[in-house]
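Just so it is clear, none of the values below were taken in a lab; they were calculated from the coordinates. Because the structure is predicted, anything quoted here is derived from the model rather than measured. Virtual Cβ from ideal backbone geometry, glycine too; neighbours counted across all protein chains shown.
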Amino acid sequence: MSIEPLRIGVVGCGAIGQAHIGVWSEISDARIAAVCDANPEQANAMARSLGCAPFTDLKAMAASGLIDAVDLCTPSGVHADQGMIAAEHGLHVLSEKPLDINAEKARALVALCEDRGLTLSCVLQRRTYSGARTVANAIHSGEFGELLSCCAYIKWWRDQAYYDSSRWRGSITLDGGVLANQGIHALDHLCWLAGPVIHVDHAYAATVGHQMEAEDFLIAVVRFASGARGVIEATTCCNPPLCSRIEVVGARGSAAFDDARVVQFGYGGEDLIRTVDEADARLGGRAEAMAISMEGHRAILSDFAAAVRDHRPPAVTGRDALVAVEALDLIYRAASASS
């Protein structure tokens with residue numbers, strides 16, 4: 001018996017929306033049934049190219065009966081609001097990273113989807129990479145012993161034209177600063193490995209190299225639920241840019257990532273880097289926002305469609321994605337208090 005493809009409504013027809021649309025076209029058990037964008041010309045042009053229905057209002061699309069799920073490719077600060085509109089109409093929700101900037105709204109979205117029995121997932125693609133999963137499994141099974149430190153350094157470059165390209169870029173309410181935008185994957189990665197951030201010992205945020213509302217430099221010292229401590233440093237002022245770096249140290253093992261690629265891994269006195277499969281761990285984006293591999297997106301989007309079909313949790317659940325948003329909230333609050 002054939003299974004009807006999941007009908008997707010893509011919200012946001014900008015650069016990342018177009019990238020998602022390209023990925024959805026390769027997933028056999030899903031199809032784009034509608035697109036929504038506040039710009040009518042963009043919505044209509046995209047709909048014509050896809051042969052689907054255009055909308056400029058999310059509520060109208062959600063109530064149309066044309067879709068089963070939404071894919072939110074919009075500014076970060078509207079993800080939860082838009083997700084709740086979709087969930088209130090009985091639609092499953094996939095969100096670009098982060099789940100939102102506002103932790104309270106993100107929690108409300110997670111609770112609503114759970115209450116309605118709807119699938120909620122987020123594009124935090126590092127969790128799909130085989131090498132990252134190998135390291136995470138070793139840590140979670142106790143091979144590293146007691147975790148001592150878990151640190152991240154994201155030293156990337158964005159020119160002023162990047163922030164000037166859209167009014168929402170670099171805004172506090174819609175985009176957040178470097179940690180919420182460029183650093184969110186590394187922050188989620190840390191929380192995946194070491195547990196939620198439970199306390200921020202120190203945080204400092206500043207806007208030093210760009211004309212923008214939010215921060216382009218941030219440094220924080222945090223404590224995780226596992227007991228590990230960590231330093232998080234993020235900036236878009238580093239030119240030429242460096243790779244993002246994650247370092248994990250336990251009493252019995254250690255690992256390091258350049259971007260999402262495992263470059264060091266071992267425990268119990270044995271170097272195990274040869275056991276790590278890294279074919280899919282390209283991340284990119286150091287100087288160009290869209291200079292990223294879409295392999296992780298393909299894994300997340302395909303898994304989302306399968307999770308809805310099979311009535312199972314997705315690879316990245318709403319509660320998984322919420323952890324990074326709550327860490328953001330704690331860090332930004334501490335930075336604000338110290339300014």
Among the residues of region 52-76, the number that are more than 24 Å from Asp29 (Cβ to Cβ) and either under 13 Å from the mean Cα position of the chain (by Cα) or acidic (Asp, Glu) (or both) is 4
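Within region 195-213, which residues are of a type in the set (S, T, N, Q) and loosely packed, with under 15 Cβ neighbours inside 10 Å?
Of everything in region 195-213, just one residue is of a type in the set (S, T, N, Q) and loosely packed, with under 15 Cβ neighbours inside 10 Å, namely Gln211.
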Given the conditions (1) more than 17 Å from the chain's Cα centre (by Cα); (2) free of Cβ contacts under 8 Å to residues at least 40 places away in the same chain, report the number of the one that Ile172 does not fulfil. (2)
Flag for Gly90 being in a loop (DSSP other than H, G, I, E, B), out of contact with any Cys (no Cβ under 9 Å at 6 or more places or on another chain) and closer than 17 Å to Arg312 by Cα: yes
Spans of strands (runs of 3 or more DSSP E) in region 153-261 with at least 3 residues of a type in the set (Val, Ile, Thr): 197-206, 217-224, 229-235, 245-250
Residues in region 193-207: is at least one under 18 Å from the mean Cα position of the chain (by Cα) and not aliphatic (A, V, I, L, M)? yes
Does Ala225 fit the bill of being under 26 Å from Ser338 (Cα atoms), touching a helix residue (DSSP H, G or I) at 6+ places or on another chain (Cβ under 9 Å) and surrounded by fewer than 17 Cβ atoms within 10 Å (Cβ to Cβ)? yes
Tell me the residue from Ser130, Ser171, Ser149, Ser166 that is among the hydroxyl-bearing types (Ser, Thr, Tyr) and within 28 Å of Pro314 (Cβ to Cβ), please. Ser130
Quickly run through region 93-122 and pick out the residues that are farther than 23 Å from Asp57 by Cβ and in contact with a Cys (Cβ under 9 Å, 6 or more places away or on another chain). Lys97, Pro98, Thr119
